[in-house]
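The values are calculated or read from the model by the stated rules, or taken from the named source; none is laboratory data. Computed from a predicted model, the values in this text were never measured in an experiment. As a convention, Cβ positions derive from the backbone with ideal geometry for all residues, glycine included, and neighbour counts pool all protein chains shown. Side chains included, ligands, DNA and RNA excluded: accessible areas come from the protein's heavy atoms. Shrake-Rupley method; radii C 1.70, N 1.55, O 1.52, S 1.80 Å.
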Amino acid sequence: MSDPLYKKALLRLAADATGAGRLPEPHGTGVAHNPTCGDRVTVDIAIEDGRIIGIALDAKACVLTQASASILGGDATGLTRAEIAALHEAVHAMLADGATKPGAPFNTYEHFDGVAEHRNRHRCVLLPIEAVLVAFDALSEPEPKGLKR
């Protein structure tokens, strides 16, 4: 019998590590950290007209976080901050109460259905999405006075 928490599809996603790494010149970088387990995700994004045109994710994390990061690495290009925020809400609802699945292009998040009954692991799945939101928010932060890049 297979483990509902660590399905083969999730293990495959984590191993594929789509989008793993860092961008050489990102427009925004976001970091999300789960102090409970130590998972940490750093996301670099390149943006054009408010949409992601490049994304790289560096996940020092468990298999669930790595699989979630891999999904974003493959499917987040072309999305806006609002669409990423909607994805976060949909995945959170799916995990919390079995609400509607996220839908295309993120049908792959359905592989996390075994995580629903493990509330302490929900954050693992959401962490990469949160890091993308932080990266978007970093785009609008003004440069600190007195510092030059």
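With respect to the stated conditions, residue 84 is crowded, with 19+ Cβ neighbours inside 10 Å, under 12 Å from residue 129 (Cα atoms) and β-branched (Val, Ile, Thr). Contact map, the range 78-101: first residue closer than 18 Å to residue 56 by Cα and assigned to a helix (DSSP H, G or I), second residue open to solvent by 60 Å² or more (accessible area, probe 1.4 Å) and not β-branched (Val, Ile, Thr), Cβ cut-off under 9 Å, separation 6 or more or different chains; pairs are 81/137; 81/139; 83/51. Kindly provide the set of residues from the range 102-118 that are modelled with pLDDT of 85 or more, within 16 Å of residue 65 (Cα to Cα) and assigned to a loop (DSSP other than H, G, I, E, B), ordered by number. Within the range 102-118, 116, 118 meet the criteria.
Under the condition of being under 15 Å from residue 56 (Cα atoms), of a type in the set (A, V, I, L, M, F, W, C) and in contact with a Lys or Arg (Cβ under 8 Å, 6 or more places away or on another chain), the residues counted in the range 1-44 number 3.
In the condition set (1) surrounded by 15 or more Cβ atoms within 10 Å (Cβ to Cβ); (2) at pLDDT 90 or above, residue 137 is compliant with all but (1).
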